[in-house]
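Comments concern the structure below.
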Amino acid sequence: MDRLLASVMKEWRLLTRDRAGLLMLFLMPSLLVIVVSVVQMNVLKTMGDEPVSLLWVDQDHGDIPQMLRKDLAAAEGIVLVDHLQGQPLDEPGALERVSEGDYQVCLVIPAGFSHAVRARSERAAEIMLAPEKDAQGVETPLPEIVVHFDPLAGGAFRSAVSQALQRILAGLETQLKLAAFAKRLPEHMAAALSEVMGPYASTGIRDKLVEMPLEWDTRPLMVLQETSARRGGLAQIPSAVQQNVPAWGLFGIFFIAVPLSGALVRERASGIMTRLQLLPVSFMTLLTGKLVAYVFVCLAQFALVMLIGRFVMPLFGASPLTLANAYGAVGVVLLCVALAATAFGVLLGVVTRTYEQASMIGAISVVIAAAIGGVMVPVFAMPRIMRDLSQISPMAWGLDAFLDIFARGGNLSTVWPQAAMLLCFAMVMLLAAWIVFQQQRR
């Protein structure tokens, strides 16, 4: 027992000597629990804590859109937006905002909507009172309200918004049908009474009213048409493969920081770095060699993920990964992401002292960056404080660029800001690593 106790005490002393590593053992998991829990809070509520901003485009300007607008304004969790920057919204501008991910949903009411709905409600009231006229009239076209979703809006979000809109439309339909029915009922009653009216016709009146058909017409007055707003007018909803391949491919690329930082720590601990410094080779040359080697690893890794999305996922019944004609944009963003990830790994390898520190800090920081950056949960579904934090995450920049290409039909002209930020991030990381390295040499 004494020997066992001595062995335990020895391990504890070794742990306490690595204070930084011991701190990481407790601090990083705590941060991970806090960040991931806060990020996922709104996901469990589908619609989130904050109301959904719904872009409102009324091309009809009739009374029925105003009734619908009043019902939507009274609904909990929906905020109507019909002006941006002081200008009224039109359909092209609203669809552009949704396709770029600034808003998640847009409702468009076409011209002539009120007239078409009124015609159908009048027809429904006529058929309810006189079913024999159903086969005589001509069915009017079913008016459509078009709701455009952000291509990256999740299925739960789409279902929640669609169900809320369907409930409001159902109530509006009932209201319109009852109004049309009440308008026609006196005329129908007068016709029924005139047939049997007489000084001794009370029994006939009662029988006639009992026989009066009052079957409710269940045919809809309007329909809600769902579509995805994509650049170039493409309406195809991106598949799970289109969304997950770039997201988790990016996550894997940033994990290159773990082996890269570990290699730097081992080189420094074993004396290899000191021997390399004795050679007539500058630190920047050594650094560039590491960057090039690990960037190629990142490129190969992402290529493997894309091949899996293109050829393996269809074997499981999923849609194959498609790139349209954005190969150049994917290549530029991928190179910038790889440079950012490897530069972060270099800085991590320079500032950490042990391999354990490098591997733990690297792994947990990448997971936290992925959670903040929208890999695990869409950014729009996060609480506002987490959405604000995501703006400073390089993984969010890369993911936004990749999803813009893969899911929104973007190209190089739409993703260059994110690529530039990733490149600047890489340069800052390398500059910081060089400054720390020079201080360590002194």
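The values are calculated or read from the model by the stated rules, or taken from the named source; none is laboratory data. In this text the structure is predicted, and so the values were computed from the model without any measurement. Cβ placement follows ideal geometry from the backbone for every residue including glycine, while neighbour counts extend to all protein chains displayed. Calculation scope for accessible area: heavy atoms of the full protein, side chains included, ligands and nucleic acids excluded. Shrake-Rupley method; radii C 1.70, N 1.55, O 1.52, S 1.80 Å.
Of everything in the range 375-385 that is open to solvent by 10 Å² or more (accessible area, probe 1.4 Å) and in contact (Cβ under 8 Å) with a residue 60 or more places away in the chain, the residue that is nearest to V428 (Cα to Cα) is V375.
Go through the range 348-358 residue by residue and tally those that are open to solvent by less than 30 Å² (accessible area, probe 1.4 Å), part of a helix (DSSP H, G or I) and not hydrophobic (A, V, I, L, M, F, W, C).
We begin by selecting, within the range 348-358, every residue open to solvent by less than 30 Å² (accessible area, probe 1.4 Å); these are 348-350, 352, 357-358.
From what is left, the residues that are part of a helix (DSSP H, G or I) are 348-350, 357-358.
In the following step, the residues that additionally are not hydrophobic (A, V, I, L, M, F, W, C) were identified as 349, 357.
Final tally of qualifying residues: 2.
Based on this model, can you work out whether F406 counts as farther than 22 Å from C336 by Cβ and among the aromatic types (F, W, Y)? When the stated conditions are applied, F406 does not pass them.
When residues of the range 331-347 are filtered for being of a type in the set (A, V, I, L, M) and open to solvent by less than 10 Å² (accessible area, probe 1.4 Å), how many remain?
Initial filter on the range 331-347 (of a type in the set (A, V, I, L, M)): 332-335, 337-341, 343, 346-347.
From what's left, open to solvent by less than 10 Å² (accessible area, probe 1.4 Å): 333, 337-338, 340-341, 343, 346.
The number of residues fulfilling the criteria is 7.
Checking S390 against (1) open to solvent by less than 10 Å² (accessible area, probe 1.4 Å); (2) in contact (Cβ under 8 Å) with a residue 60 or more places away in the chain, which single condition isn't satisfied? Among (1) open to solvent by less than 10 Å² (accessible area, probe 1.4 Å); (2) in contact (Cβ under 8 Å) with a residue 60 or more places away in the chain, the lone unmet condition for S390 is (2). Condition first: under 16 Å from W248 (Cα atoms) and part of a helix (DSSP H, G or I). Now tell me which residues in the range 382-396 satisfy that. The answer is P394, M395, A396. Within the range 149-160, the presence of a residue that is at pLDDT 85 or above, open to solvent by less than 20 Å² (accessible area, probe 1.4 Å), of a type in the set (A, V, I, L, M, F, W, C) and closer than 30 Å to V377 by Cα is excluded. Looking only at the range 366-381, decide whether some residue is at pLDDT 85 or above, part of a helix (DSSP H, G or I), out of contact with any Leu (no Cβ under 6 Å at 6 or more places or on another chain) and not aliphatic (A, V, I, L, M). Looking through the range 366-381, none of the residues is at pLDDT 85 or above, part of a helix (DSSP H, G or I), out of contact with any Leu (no Cβ under 6 Å at 6 or more places or on another chain) and not aliphatic (A, V, I, L, M). For T354, the stated conditions do not hold, so it cannot be described as out of contact with any His (no Cβ under 9 Å at 6 or more places or on another chain), hydroxyl-bearing (S, T, Y) and closer than 23 Å to Q104 by Cβ.
Could we say that S7 is within 30 Å of V377 (Cα to Cα), modelled with pLDDT of 60 or more and among the hydroxyl-bearing types (S, T, Y) here?
Working: within 30 Å of V377 (Cα to Cα): no; modelled with pLDDT of 60 or more: yes; among the hydroxyl-bearing types (S, T, Y): yes.
Spelling it out, it is not the case that S7 is within 30 Å of V377 (Cα to Cα), modelled with pLDDT of 60 or more and among the hydroxyl-bearing types (S, T, Y).
Summed over the range 220-265, the residues that are open to solvent by 10 Å² or more (accessible area, probe 1.4 Å), of a type outside the set (V, I, T), over 16 Å from M376 (Cα atoms) and at pLDDT below 75 give a count of 9. Pairs meeting the criteria (first residue in the range 99-128 and closer than 18 Å to L224 by Cα, second residue assigned to a helix (DSSP H, G or I) and small (G, A, S), beta carbons under 6 Å, at least 6 apart or on different chains) are C106/A94; S121/A180.
Pairs linking a residue in the range 50-69 that is closer than 19 Å to F149 by Cα to a residue that is open to solvent by 50 Å² or more (accessible area, probe 1.4 Å), with Cβ atoms under 6 Å and 6 or more positions apart or on different chains, are P51/V79; S53/V79; V57/E91; Q59/A111.
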